[in-house]
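The values are calculated or read from the model by the stated rules, or taken from the named source; none is laboratory data. Predicted, not measured: the structure shown is a model, and the values here were computed from it. Neighbour counts run over all protein chains shown; Cβ positions are idealised from the backbone, glycine included. Quick note on the areas: whole protein, heavy atoms, side chains included, nothing else; ligands and nucleic acids left out. Shrake-Rupley method; radii C 1.70, N 1.55, O 1.52, S 1.80 Å.
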Amino acid sequence: MGLGPTKRIGDWVSSPEQQTGFARLDAETFPSFEPGWVWLVGAGPGAPGLMSLMCFHALQNCDVVVYDALVNPDILRWVKVGAELEYAGKRGGKPSPTQKDITLRLIELAQSGKRVLRLKGGDPFMFGRGGEECQHLATTGIPFRIVPGITAGIGGLAYAGMPATHRDTNHSVIFLTGHDATGNMPANVNWQAVALASPVIVMYMAVKHLGEIAAALMAGGRAADDPVTIVSNASMPHQEVASTTLGGAGAFVEANEPPTPAIVVVGKAADWRSLLDWYKGPLRENPVG
Ligand code: SAH
């Protein structure tokens, strides 16, 4: 079948030593994590079982992990014994490190010869500033690899029984952020175009400004009775899903303060939940997802 010289995944999965205990990844099959490199890795939306094999391999082979607030601490339990853990998010009352500080730190660690795992929630290139970090690594000449992850705006919907696309509902989907670099509702979004372009709109970081965003979408032609679904802590045992409408979304958020992180979904993807909402009952007791 011309699979090339590398081993197929089935070879190591079916070897006897891999069948006992948790499969160790085969160093020959997976890329070598070289000193002085930065791997920018997505950890998925939260449930540890949703991280990729490449993410696991990186955890097992790095010298230092620089991780964000949205990374589930349970995922860090898979890190190699002896690797350092550096937190790069907001902590207590202290101001969060700036993007520049984080990037400089990654460069400093790589230049000191470490294998640097930059671990981010979801997918590093989906509203995760991964592009900005890579850009600086590239211009500084630091070698890097990007490991995509399952983004909350797709995987999180799946855990709430909503397909991001379905032929009966939507042939397109829009991903949008609810605030810009200044923390305000993004000004350079054509809300009318967004309102009319796609039956389903998936919004990250949108809870805070949901009232304003909903108003902009309705002013742009979106119906007030369009369903709005808020998925908080998606894929985690404490996941919560709330339902409202575009017209009621602002008041709903004020009254109910849905927990964050949360994904907000506008549109009839919500209609599938009555049939497809599978993540409940004993299924939630499994800490892996
Ligand atoms: N790179 C990430 C997104 C980072 S922006 C990704 O691909 O998923 C942060 C936003 O992501 C949060 O404000 C929230 O809207 C969303 N998010 C991340 N994890 C989430 C989770 N487990 N449940 C719901 N929303 C989540």
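Sub-8 Å Cβ pairs linking a first residue in the range 135-158 that is under 20 Å from residue 59 (Cα atoms) and of a type in the set (Asp, Glu) to a second residue that is open to solvent by 10 Å² or more (accessible area, probe 1.4 Å) and within 16 Å of the ligand (Cβ to nearest atom), at least 6 apart or interchain, number zero. Being more than 16 Å from the ligand (Cβ to nearest atom), farther than 22 Å from residue 45 by Cβ, open to solvent by less than 20 Å² (accessible area, probe 1.4 Å) and modelled with pLDDT of 95 or more is a property that holds for residue 109. State all residues of the range 123-174 that are small (Gly, Ala, Ser), more than 12 Å from the ligand (Cβ to nearest atom) and either part of a strand (DSSP E or B) or within 15 Å of the chain's Cα centre (by Cα) (or both); if no residue qualifies, say none. The answer is 164, and nothing else. Looking only at residues in the range 212-234 that are away from the ligand (no atom under 16 Å from the Cβ) and in contact (Cβ under 8 Å) with a residue 40 or more places away in the chain, the one that is surrounded by the fewest Cβ atoms within 10 Å (Cβ to Cβ) is 227. Counting only residues that are in a helix (DSSP H, G or I) and either closer than 20 Å to residue 165 by Cα or within 23 Å of the chain's Cα centre (by Cα) (or both), the range 194-216 holds 6 of them.
Among the residues of the range 69-83, those identified as open to solvent by 30 Å² or more (accessible area, probe 1.4 Å) and out of contact with any helix residue (DSSP H, G or I) (no Cβ under 7 Å at 6 or more places or on another chain) are 69, 70, 73, 77, 81, 82. Taking the conditions (1) open to solvent by 40 Å² or more (accessible area, probe 1.4 Å); (2) touching a residue at least 24 places away in the same chain (Cβ under 8 Å); (3) away from the ligand (no atom under 16 Å from the Cβ); (4) in a helix (DSSP H, G or I) in turn, residue 247 satisfies each one other than (4). Examine the range 53-61 for a residue that is in contact with a strand residue (DSSP E or B) (Cβ under 6 Å, 6 or more places away or on another chain), at pLDDT 95 or above, crowded, with 23+ Cβ neighbours inside 10 Å and assigned to a helix (DSSP H, G or I), and state whether such a residue exists. Scanning the range 53-61, I find at least one residue that is in contact with a strand residue (DSSP E or B) (Cβ under 6 Å, 6 or more places away or on another chain), at pLDDT 95 or above, crowded, with 23+ Cβ neighbours inside 10 Å and assigned to a helix (DSSP H, G or I), so the answer is yes. Taking the criterion of being more than 9 Å from residue 264 (Cα to Cα) and touching a strand residue (DSSP E or B) at 6+ places or on another chain (Cβ under 9 Å), the residues of the range 204-219 that qualify are 213, 214, 217.
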